[in-house]
Amino acid sequence: MKEIILNQLNASLPNIQVETSEFKDELTIQVQKKDIVEVCKVLKNDSELKFIHCIDVTAIDWARRKDRFTVVYHLFSLKNKFQLVVKADVDESDCNIDTVSSVWRSANWHEREVYDMYGITFNFHPDLRRMYMPEEFEYHPLRKDFPVLGIPGSLPLPKK
Amino acid sequence: MGLEAKLTQDGFLTTKIDALLAWSRKSSVWPMPMGISCCAIEMMAVGGPKYDIARFGSEVMRFTPRQCDLMIVAGTVTYKMSHVVKKIYDQMPDPKWVIAMGACTSSGGMYRSYPVVQGIDQFLPVDIYLAGCPPRPDNLLNALIQIQEKIGRTKGRDFQNKPLSELNVIQNN
Amino acid sequence: MEIADRDEVHPKIIEALLKTDAGLSSDDALENEMILNMGPQHPATHGVLRLVLRLDGETVIACVPELGYLHRGYEKMAENMSYYEFIPHTDRLDYLAPLCNNVAWVLAVEKLAGIQAPPRAQYIRMLISELSRIASHLIAVGSMAMDVGALTVFLWTIREREKILDIWDIICGARFTNSYTRIGGVANDMQPEAKAKVQWFINQFDENLEECEKLLNANRIFIDRLEGVGVISGEDALDLGLTGPSLRGSGVDYDIRRYQPYLFYNEMDFKIPTYTEGDCLARYFVRIDEMRESAKIVKQILDKIPQGDVQANQPKKVLPKKHEVYSKMEELIHDFMIVNFGINPPDGEVYHAVENPKGELGFYFVSKGEGHPWKCKIRSPSFNNLQSVPHLVKGYMVSDVVAIIGSIDPVMGEADK
């Protein structure tokens, strides 16, 4: 399956760089930030791959200086019964990535959640609001520099 | 029943208005099921056939706050939700009582995290704190009985147009 | 931040509501349209879901769900506690079927750490998953019927559910939030009394389910309120991320028990019920059929369940038995190490999903070799299923919104995480 995916990707998009890795039978491909929409379109629409089920979009905060965040896409192909992980690094100084909600509509809310929790902006997203926290909240809770107990006074309580 | 026996003998009984009011209030507590999370399912079980809250005169769960006098806050209250809870509490007519059902409502419980209010007594006057995560239905019935005892001790003049938080009698009972 | 502003609908929600293309609106839109707020405290939104609806008369032309009223910071907490400590928290994700979440969590950790639970433990896990599925669907069917006006069914399904909760009481000592599974097995063996009680329950269940069904299937009001309401095609459903019974009501037979079998599901004989209509009634029928299939699986498990240990023999990873901790040095050290420093799985990232009553529940771990995960992502089915609500309610009446939410069966505990 790994060869098929790489072949199809190379055939459709000859100019992209793809790195692969495997852990516990899960295939991961790492792509450049700028190519993410193109890669996802091929993965979804190619007749041999058909990754039509976007399970999840999330991000990882590595708490490092370069490429602080990694955006992770979990895809599933019902045709091949195969699960694939796609990754793209995002730097903190340029904290944005193109949206894939035009490819899978289900990515819409996942990206809003990532925006809420990590503060990564998704370009061209149709409705980029906070998912869980109130709109006035200033922080991004899942970043590693945010304490579990929160910042006192950042969320108001009603008067007694 | 003692009451019917009394009626066949004399045809009347003497009591204080306070006692009559408290007795009628406590025997028909109408709960407002503020079901937020897991505890709401146990609250549904209390309304179900096995535990049957109707035995205690409280089966009339009203989802509109205007008709209720007991708010059961069942589930984790987050900062975002706290404004809603408070607003609904304010809409309930006096006199009113509050049960904080479960550990996370009473104290934050297992959620020592940024969005969770560490105990709803930070913005609501609470009458009964109920232990358990979630409490078993028997425990909720026990809380209801305790609330009834508490209501039974109140007097009519305790509620003279004052907000509940200012009434010492109820808070100290 | 003004507190007074919080009573109003937030301007950004209004903006999102007006942005959606309203193809159905009439010419004099401003005269007819209104904005209706539904929730977060509403008897029919199953918890603290809030929907802001844009109406033309009584027809919904746009809908914006607002989540986060039960956001409890699970993912942040998981990053700060060991894999064992988080098991009780998984109970409270989908609180209608706590044991399914327990099983999902330990399977994901076992995949990461490379532990294989013994066969008896795996059979017990399957048994509790399927019974949980029945318990969850009973509430789903009951509350959906209650939402459209049939209260009796709810009381009857609660009665059946209480029997399952009694079984949990015998198996693990808790009736609702169980925390029964452990990494590498289950907390304690299933006693013969529990097995007898499961046998008794399964034998009488079909008859009682039929009784509940009789109240609904021939009920004109129930059928009329659900048939042809909230229709979604299979393609749209997959594109919007629907999983579980809601997806199978649209004719896609995606079930993880078949597509990526875990435990011993590939040895079981069961069907995946699918309906092609894609409306609320189809989703109701899928749930009823799934309960039957689950009962069938439980019967097979009772026949096949082997004897043996219920905890894997991997002292560095699996908690030892309590009586051994009190009497042996080695076990005491291992217990101390696991409780204080965690099980330290290798570096790497795994995603493992199971078929929950609501759909695909998956856990994604990033491990850096420490006792606690560097990142834990919960892929919750209700969150994804709710995403389809704006699509489903478009063009239907306000009263249909209630039926549609009931048929999606969201649990806000896991949708908000």
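The values are calculated or read from the model by the stated rules, or taken from the named source; none is laboratory data. Computed from a predicted structure; not experimentally measured. FYI the Cβ positions are ideal-geometry reconstructions off the backbone, even for glycines, and counts take in every protein chain you see. Just so you know, the surface numbers come from the protein's heavy atoms only, side chains and all, with ligands and any DNA or RNA stripped out. Shrake-Rupley method; radii C 1.70, N 1.55, O 1.52, S 1.80 Å.
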In what order, largest first, do A:Lys44, C:Lys417 sit by accessible area if the probe radius is 1.4 Å? A:Lys44, C:Lys417
Residues in the stretch A:75-94 that a label on A:Lys33 would reach, taking backbone N under 14 Å of a point 7 Å out along Cα→Cβ: A:88-94
For the stretch C:203-269, listing GluC sites (Glu not before Pro) in a DSSP loop whose Cβ sees at most 14 other Cβ atoms within 10 Å gives C:Glu227
What average count of beta carbons from other chains do you get within 10 Å of the Cβ of residues in C:83-96? 2
Distance-filtered residues of the stretch B:15-41 - backbone nitrogen under 12 Å, label point 7 angstrom along B:Val60 Cα→Cβ: B:25-32
Over chain B, with a Gaussian network built from C-alpha contacts below 10 Å, which listed residue (B:Leu124, B:Leu20, B:Leu141) shows the highest mean-square fluctuation? B:Leu20
Counting only protein heavy atoms and leaving out ligands, DNA and RNA, the solvent-accessible surface of C:Ser82 at a 1.4 Å probe, in Å² to the nearest 10, equals 20 Å²
Roughly speaking, what is the stretch gain from A:Val148 to A:Asn123, that is 0.36 nm per residue apart minus the C-alpha to C-alpha distance, in nm to one decimal? 6.1 nm
Leaving out ligands, DNA and RNA, and with a 1.4 Å probe, what % of the accessible surface on the stretch B:30-146 is carbon or sulfur? 53 percent
Assuming R0 = 22 Å, what is the FRET efficiency of B:Asp10 and B:Glu149, from their Cβ-Cβ distance, to the nearest 0.05? 0.15
Accessible surface, per residue, of the stretch A:35-129 when the full set of protein chains is kept, probe 1.4 Å, Å²: 32 Å²
A correct Karplus calculation of ³J(HN,Hα) over the stretch B:68-74, with 6.51 cos²θ - 1.76 cosθ + 1.60, θ = phi - 60°, whole Hz and x for Gly and Pro, returns 10, 10, 9, 9, 9, 8, 10
Taking every DSSP beta bridge with both residues inside the protein assembly as shown, roughly what % is antiparallel (nearest 5)? 70 percent
Could you sort C:Thr274, B:Thr76 by accessible area so the largest value comes first, with the probe set to 1.4 Å? C:Thr274, B:Thr76
Arrange the residues C:Thr276, B:Thr78 by how much accessible surface each exposes, largest first, with a 1.4 angstrom probe. C:Thr276, B:Thr78
Run the helix sum for chain A: -39,500 (n - 2.57) per DSSP H stretch of 4+ residues, divided by residue count, reported at 222 nm to the nearest 500 deg cm²/dmol. -6000 deg cm²/dmol
For A:Ala63, put the label point 7 Å out on the Cα→Cβ axis and report which residues of the stretch C:79-115 keep their amide N under 17 Å from it. C:79-83
Which three extents, in whole angstrom, do the alpha-carbon atoms of the stretch B:30-146 cover along their principal axes, largest first? 40, 29, 20
Can you tell me the dipole magnitude for the stretch B:7-112 around its Cα centre, using point charges on the Cβ only (Lys, Arg +1; Asp, Glu -1), in Debye to the nearest 20? 360 debye
I'd like the accessible area for A:Lys144, computed on protein heavy atoms only with a 1.4 Å probe and all protein chains in place. Round to 10 Å², please. 60 Å²
What is the interface area between chains C and A, defined as buried accessible area summed over both chains with a 1.4 Å probe, reported in Å² to the nearest 100? 4800 Å²
For the stretch A:1-134, take the alpha-carbon Rg, divide it by the Kirkwood Rh, and send me Rg/Rh. 0.95
What is the Cα convex hull volume of the protein assembly as shown when expressed per residue in Å³? 195 Å³
Between C:Glu227 and A:Ser21, take the C-beta separation as r, use R0 = 56 Å, and let me know the FRET efficiency to the nearest 0.05. 0.65
Computed on alpha carbon atoms, what radius of gyration and Dmax characterise chain C, expressed in Å? 22.7, 82
Two-site FRET efficiency, C:Leu332 against A:Ser12, from Cβ-Cβ distance with R₀ of 51 Å, rounded to 0.05: 0.30
Taking DSSP loops as anything outside H, G, I, E and B, show the longest stretch in chain A free of GluC sites (Glu not before Pro) there with at most 16 other beta carbons within 10 Å. A:1-47
Among DSSP beta bridges lying fully in the stretch B:30-146, give the percent that are antiparallel, nearest 5. 5 percent
Calculated from DSSP helices alone, with each H run of at least 4 adding -39500 (n - 2.57) and the total divided by the residues of chain C, [θ]222 nm to the nearest 500 comes to -15000 deg cm²/dmol
For the stretch C:375-400, which residues drop by 30 square angstrom or more in accessible area between the chain on its own and all protein chains together (1.4 Å probe)? C:Lys375, C:Lys377, C:Arg379, C:Phe383, C:Gln387
Label-point separation in nm, A:Glu138 to B:Asp94, each point 7 Å along Cα→Cβ: 3.8 nm
Roughly what would the spin-label model give for A:Asn45 and A:Asp94, points 7 Å off Cα along C-beta, in nm? 2.6 nm
Could you do me a favour and compute the accessible area per residue for chain C, 1.4 Å probe, result in Å²? 34 Å²
Length added when fully stretched, C:Asn313-C:Ile170, from 0.36 nm per residue minus Cα-Cα: 48.9 nm
